[in-house]
Amino acid sequence: MKYLIAPSLLASNFLKLEEEVMMVNDSVADWLHFDVMDGRFVPNISFGFPLLDAVAKVSEKPVDVHLMIEEPEKYIERFTSAGAASISIHYEATSHVHRAIQIMKESGVKAGIAINPHTPVSLLDDVLEDLDLVLIMSVNPGFGGQKFIYRTLEKIRSLKESIIRRNLDTKIEVDGGIGLQNAEAVLSSGADILVAGSSVFRAENPTETIRRLKSIDMDTIMV
Ligand code: DX5
Ligand code: ZN
């Protein structure tokens, strides 16, 4: 699979939200990343169901919902009916990871688990085969525009190794501090999906930045 680019709406201009979604529609981006924060799991509050409803209606790209909320299993069905194509819940936010994955599968959405920078990938060993996605956070969740944590590259490599060894189809998504300066390093470590917020929406030319993020030649870099 050619890797995917998922611009994160969190960094967009909310006063021009429709234009921002249209920009993503008209770009070579693959998904639209949608960050939900509850002010409890993370020290910030972003947006929820009504906004997802509105955005999903105009988005031509599948909406990839990242739930940074406690007890996420309670809200999976509502996010699915609001238009999520994939949902990632945090491993650290629930005691019922396996049950949450079942709920995601039953509701027909792609199932993902996100992990914070301090959480080892090995904790996912027993659910890896049930997952469509693992979202590795490369910053502490809660805010856009933070610095990429380079230790993440090691986590990507080790997760990729187990996915290949076990012959699974689970994809690795990486989120936080990604831009043209480090996209190649993240991809060559084994990432399949790159989330990019400020590097896209704060760029002088967002469409062109997405195109450049999407045009990294994987044949010339070692995976
Ligand atoms: C952070 C969010 C990210 C954020 C990424 O908690 O999960 O998706 O929007 O933004 P950048 O790319 O600016 O780090
Ligand atoms: Zn995110």
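Read-outs throughout are calculated quantities, based only on the coordinates presented, and are distinct from any laboratory measurement. All figures in this text were calculated on a predicted structure; none of them were measured in a lab. Neighbour counts run over all protein chains shown; Cβ positions are idealised from the backbone, glycine included.
Looking at L128, Y91, A203, which one has the Cα that reaches farthest to the positive end of the dipole of the chain (charges on Cβ: Lys, Arg +1; Asp, Glu -1)?
A203
Can you show me the helix-derived [θ] at 222 nm for the chain, built from DSSP H runs with n ≥ 4 at -39,500 (n - 2.57) apiece and divided by the number of residues, rounded to the nearest 500.
Rounded to the nearest 500, it is -8500 deg cm²/dmol.
Picking from H98, H66, H118, which is most flexible by a Gaussian network model of the chain using Cα springs under 10 Å?
Comparing H98, H66, H118 in the GNM, the peak value goes to H118.
Under a GNM of the chain (C-alpha, springs under 10 Å), which listed residue has the highest mean-square fluctuation: G39, G177, G112?
G39
Based on Cα positions only, what radius of gyration and what Dmax would you give for the range 129-223, in angstroms?
Spelled out, the Cα radius of gyration and Dmax of the range 129-223 are 13.4, 42 Å.
How would D175, D38 line up from fewest to most surrounding beta-carbon atoms within 10 angstrom?
D38, D175
Provide the percentage of antiparallel DSSP beta bridges, counting only those with both residues in the chain; round to the nearest 5.
If we restrict to bridges inside the chain, about 5 percent are antiparallel.
Just check the range 66-183 against the gyration tensor rule for me: Cα atoms, a ≥ b ≥ c as the square roots of the eigenvalues, rounded for a/c under 1.5, and otherwise prolate or oblate depending on whether a/b exceeds b/c.
Since a/c reaches 1.5 but b/c is at least a/b, the shape of the range 66-183 is classed as oblate.
Give the separation of the Cα centroids, the range 15-63 to the range 85-126, in Å.
20
Build a GNM of the chain with springs between Cα atoms under 10 Å: which of I164, I87, I69 gets the top mean-square fluctuation?
I164
Rg and Dmax in Å for the range 4-220, alpha carbons only: what are they?
For the range 4-220, the Cα-based Rg and Dmax read 15.9, 47 Å.
Could you tell me whether the range 126-178 comes out rounded, prolate or oblate from its Cα gyration tensor? Rule is a ≥ b ≥ c as square roots of the eigenvalues, rounded for a/c under 1.5, then prolate if a/b exceeds b/c, otherwise oblate.
prolate
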